[in-house]
Amino acid sequence: MKTKTDVAVVGGGLGGLAVATLLARGGRKVTLFEKSRHLGGRAHTTEVEGYHFNLGPHALYLEGAAARVLGRLGVPMRGGSPRGEGSFALRGNQLYPLPSGAVSLLMTDLLGAAGKLELGRVLTGLGRMDAAALEGRSLREWLDEHVTREEVREVVAAFFRVATYCADADALAADAAVEQFQRARKGVRYLDGGWSELVRALAGMAKDAGVAVVGSARVESVEREAGRVRGVRLADGTEYEAETVVVAGGPRDVAALLPGDEVLAGWAAKARPVKAASLEVGLSKLPRPRALFALGVDRPWYASVHSAWARRLAPEGGAMVHVAKYLGGREEEASEAELEGVLDVLQPGWREHVVTKRFLPGLTVMNALPAKRLGERPGPRVEHVRGLYVVGDWVGEEGLLVDASLASAETVSRLLSTETGARAA
Ligand SMILES: Cc1cc2nc3c(=O)[nH]c(=O)nc-3n(C[C@H](O)[C@H](O)[C@H](O)COP(=O)(O)OP(=O)(O)OC[C@H]3O[C@@H](n4cnc5c(N)ncnc54)[C@H](O)[C@@H]3O)c2cc1C
């Protein structure tokens, strides 16, 4: 006997949990399958000896779709926003005050007078720019057109890197980059206790809304008949009948679930993942308590003491630090030693205080780099397979990173409620 459900959701990351909860609250019977033992996907937080590490540095964009959807669902997003103090630009092995605002721009010796003037002008202009008008251009083209001095271009490119996570300015779409830059300027938040707090809250809400969550359950295929879905089959052979299937994974996951589908295979082949290397360090003490953030200017580095801004990330007196390298473009690989070298500059002497440390060389930050305008990303509705939808950071017209995942989750719930309304009428 096949189990019946209205909607089968494949994937229990934030995207899958959000779409399942929205649909269940809208009155649908929803079953969610997650192949891993724990929910959360890339929003998982690992706890080691009282240190809470996200899977690489994570910041929630306060003006993004994720904050909007989580707010609508009632998920708490407690945490702290990094402010300018203790922030540096890193060039060579040298730290300079990070010129991110008017005062730090005046103070920094990263640039000469003419460079400071140009940077001030570019940053002000960026804040007001109509991102949609940049459609069809790469970030590199935009930088070449709008920034004269090479030293200033480096700094502006570094700000784009930290906002978008993409190091490949030649490939990244300028409209997506500028929109994300403007969003980042409105504020980001590091979350108390890490992103697992979002997962925990959402999982509780999913359960309260009646979602049946099936863990350690890998969906092997989406079953279809006469151009529409009819359910899913798990790796252990169990089958579920469903008139709607939402796949909340990457483009390769979707293509693998419907083998032989050329459109889906094409999406997977075209998607160029955005990667990063991550070094997570738990320290018993911060050697330089006033050095909290470093952004690489001539190399794609990032280092930030997340526990300085968010609570419950490190035990009392300790510090939790994320170091990362944005991969892509000319920098495809990273070694642990390189990332440790970045921390040597920001926090000399840190090695004497290490409690725990983890290096992850190639994390997938985004399933697809937005190389064209956002409107050309696939989904969420899969037009040629009735009843099939996709949710993720590579889907739909809005946002990057988790903003795209949750915006696409919201769109799926809206599309399905419109369909139900139309059917009932
Ligand atoms: C290093 C790093 C840094 C990041 N920083 C930020 C940041 O600062 N800001 C931000 O907004 N975002 C950031 N992100 C991205 C963010 O983590 C994700 O966008 C977010 O967690 C939402 O992911 P998702 O639910 O779309 O996909 P995932 O979290 O990837 O979830 C997909 C889930 O589907 C499951 N699955 C796949 N196939 C199957 C199958 N066949 N059967 C059952 N289950 C299946 C997977 O196990 C997984 O749990 C970062 C990511 C990384 C890796």
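A short reminder: the numbers here are calculations on the coordinates, not readings from a lab. The shown structure was predicted, so the numbers you read here are calculated from the model rather than taken from an experiment. Because the Cβ atoms are built from the backbone with ideal geometry, glycine has one as well, and the counts that use them run over all protein chains shown.
Structure values in brief
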quantity: Whole-percent pair-distance distribution, where bins are 20 Å wide, for the alpha carbons of the chain; calculated: 26, 55, 18, 1
quantity: Relative contact order for the stretch 92-185, counting Cα pairs under 8 Å that sit 6 or more residues apart, in percent; calculated: 29
quantity: Percent of beta bridges antiparallel (DSSP, the chain, rounded to nearest 5); calculated: 70
quantity: With Cα atoms, 0 to 90° folded angle of helix 14-25 axis to the chain main axis; calculated: 40
quantity: For the stretch 213-255 and the stretch 52-124, distance of Cα centres in Å; calculated: 40
quantity: Arg185 versus Lys207: modelled label distance in nm, points set 7 Å from Cα along the beta carbon direction; calculated: 4.3
quantity: Principal semi-axes in Å for the stretch 194-307 [√(5λ), Cα gyration tensor, largest first]; calculated: 40, 22, 11
quantity: Calculated [θ] (222 nm, deg cm²/dmol) that DSSP helices of n ≥ 4 give over the chain, each run adding -39,500 (n - 2.57); calculated: -10500 deg cm²/dmol
quantity: Global geometry of the stretch 92-185, whether rounded, prolate or oblate, following the gyration tensor of its Cα atoms and the 1.5 cut on a/c; calculated: prolate
quantity: Tilt relative to the chain, helix 113-128 - C-alpha long axis, 0 to 90 degrees, to 10; calculated: 20
quantity: Mean Cβ neighbour count within 10 Å, used as a protection proxy, ranking 330-337, 317-324, 218-225 highest first; calculated: 317-324, 218-225, 330-337
quantity: Protection proxy ranking, peptides 226-234, 147-155, average beta carbon neighbours within 10 Å, highest first; calculated: 147-155, 226-234
quantity: Greater than 23 Å apart at Cα, pairs in Lys186/Lys357; Lys186/Lys207; Lys2/Lys35; Lys116/Lys325; Lys29/Lys207; calculated: Lys186/Lys357; Lys186/Lys207; Lys116/Lys325
